[in-house]
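Engineer: Just dropping this structure here.
The values are calculated or read from the model by the stated rules, or taken from the named source; none is laboratory data. Owing to the predicted nature of the structure, the values given are computational and were not obtained by experimental measurement. Every residue, glycine among them, receives a Cβ derived from its backbone with ideal geometry; neighbour counts consider all protein chains shown.
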Amino acid sequence: MPSEEPVLVAPEEVAPSAVCEGGDLDCGSGLLLVIRRAMQRVASGDVLEIRSTELSVREDLPAWCRLTANPYLGWREGERSHRFFVRNGGTESSDTADADAAARAYRWRVRARGVPGRATVYARNHRWEVGQPASFDVRDDAPSAIEYVLGALAAALATGLRLRASRENVEIADVEVSLNAGLENVFAFIGDERDRGHSGMSDIGGSVYVRSGADAAVLHRLWSETLDVSPIHNSLIHPVKIDVELKSST
């Protein structure tokens, strides 16, 4: 719910000693982690300027400032990014260490209930339908599990590129990621030819289409950085330990 407290406009004479580029992040999607780390580089009594395109920061940041005893000095509206100002209160606390530890230990959770031919997946306040792991039909009632994996990668790369660009004030008007994949041996999934390779994806290809006035070299660098840090991309190119225990009941 929106805050009931009056909106505080930062005085013109406020002079930040450092700037924290939040890009498109808001307080609930990682901006506070960025702010905590940036605040460590600001001396006690000095001011940190935080930039974000998300107006919701205006409502959420004051509460964090009260919690951490870092005075909130107000905000200013900007053409590209809004500007928020916080003074380092000089109070040593375990807030940053605790937040870092919580972020490192966080586990994303989903559950799926299967019925013949499909499953319903639940995650937080979301639910979606998933069809057979691999389907060759032109039309289906629900996307296949393979399509969801590809979709997750495409979405993570598209949003990740936008985020990295926004934190460097590089404007991207439009971005689309198109992916395709092949399975090493689909017959292994069906139950035949299990001795001839696995049923997982053998390769993923595609293209990313970007509409932007930025220099091509800048866009290529941002894309390379996006691939380097993407959680989904890294999950697919590195070994992942999977330990799922079967529990039966009657």
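Engineer: Being without any contact (Cβ under 8 Å) to a residue 40 or more places away in the chain and of a type outside the set (D, E) is the filter here; which residues of the stretch 174-190 pass it? Break it down stepwise before answering.
Structural biologist: Kept after step one, since they are without any contact (Cβ under 8 Å) to a residue 40 or more places away in the chain, are these residues of the stretch 174-190: 174-182, 184-185, 187-188, 190.
Once the filter is applied, which keeps residues that are without any contact (Cβ under 8 Å) to a residue 40 or more places away in the chain and of a type outside the set (D, E), the stretch 174-190 yields V175, V177, S178, L179, N180, A181, G182, N185, F187, A188, I190.
Engineer: Test of understanding: among S29, S44, which residue is touching a residue at least 12 places away in the same chain (Cβ under 8 Å), among the polar types (S, T, N, Q) and surrounded by fewer than 17 Cβ atoms within 10 Å (Cβ to Cβ)? Don't jump to the end; show me each part of the working.
Structural biologist: On the way: S29 fails: touching a residue at least 12 places away in the same chain (Cβ under 8 Å).
Step by step, each of S29, S44 is checked, and only S44 is touching a residue at least 12 places away in the same chain (Cβ under 8 Å), among the polar types (S, T, N, Q) and surrounded by fewer than 17 Cβ atoms within 10 Å (Cβ to Cβ).
Engineer: Just one of R51, R66 is without any contact (Cβ under 8 Å) to a residue 12 or more places away in the chain and in contact with a Phe, Trp or Tyr (Cβ under 8 Å, 6 or more places away or on another chain); which is it?
Structural biologist: R66
Engineer: Then there's this: Would you confirm whether or not the stretch 177-200 contains a residue that is closer than 30 Å to S81 by Cβ, at pLDDT 95 or above, in a strand (DSSP E or B) and not hydroxyl-bearing (S, T, Y)?
Structural biologist: yes
Engineer: Can you tell me which residue in the stretch 77-103 is modelled with the lowest pLDDT, limited to those that are touching a Leu at 6+ places or on another chain (Cβ under 8 Å) and of a type in the set (G, A, S)?
Structural biologist: So the residue we want is A99.
Engineer: Quick one: would you say A134 is surrounded by 14 or more Cβ atoms within 10 Å (Cβ to Cβ), more than 30 Å from A10 (Cα to Cα) and touching a helix residue (DSSP H, G or I) at 6+ places or on another chain (Cβ under 6 Å)?
Structural biologist: Numbers: surrounded by 14 or more Cβ atoms within 10 Å (Cβ to Cβ): yes; more than 30 Å from A10 (Cα to Cα): yes; touching a helix residue (DSSP H, G or I) at 6+ places or on another chain (Cβ under 6 Å): yes.
Considered against the rule, which asks whether it is surrounded by 14 or more Cβ atoms within 10 Å (Cβ to Cβ), more than 30 Å from A10 (Cα to Cα) and touching a helix residue (DSSP H, G or I) at 6+ places or on another chain (Cβ under 6 Å), A134 comes out as yes.
Engineer: Scanning for something closer than 30 Å to S52 by Cβ, over 19 Å from the mean Cα position of the chain (by Cα), touching a residue at least 40 places away in the same chain (Cβ under 8 Å) and not in a strand (DSSP E or B), does the stretch 227-235 turn up at least one residue?
Structural biologist: To start, the set of residues in the stretch 227-235 that are closer than 30 Å to S52 by Cβ comprises 227-235.
If we keep only those that are over 19 Å from the mean Cα position of the chain (by Cα) too, we end up with none.
So far as the stretch 227-235 goes, no, none of its residues is closer than 30 Å to S52 by Cβ, over 19 Å from the mean Cα position of the chain (by Cα), touching a residue at least 40 places away in the same chain (Cβ under 8 Å) and not in a strand (DSSP E or B).
Engineer: Would you please name the residue that is nearest to E147 (Cα to Cα), looking only at residues in the stretch 61-111 that are of a type in the set (A, V, I, L, M) and surrounded by 13 or more Cβ atoms within 10 Å (Cβ to Cβ)?
Structural biologist: The initial filter retains those residues of the stretch 61-111 that are of a type in the set (A, V, I, L, M), namely 61, 63, 67, 69, 73, 86, 97, 99, 101-103, 105, 110.
Next cut, surrounded by 13 or more Cβ atoms within 10 Å (Cβ to Cβ) only: 61, 63, 73, 86, 99.
Values: L61: 38, A63: 40, L73: 47, V86: 44, A99: 34 Å.
Among them, the one singled out is A99.
Engineer: Still on this structure, I have one more. Does R58 count as modelled with pLDDT of 85 or more, charged (D, E, K, R) and loosely packed, with under 12 Cβ neighbours inside 10 Å? Working first, answer last.
Structural biologist: On the way: modelled with pLDDT of 85 or more: yes; charged (D, E, K, R): yes; loosely packed, with under 12 Cβ neighbours inside 10 Å: no.
Taking the combined requirement at face value, the residue does not satisfy it.
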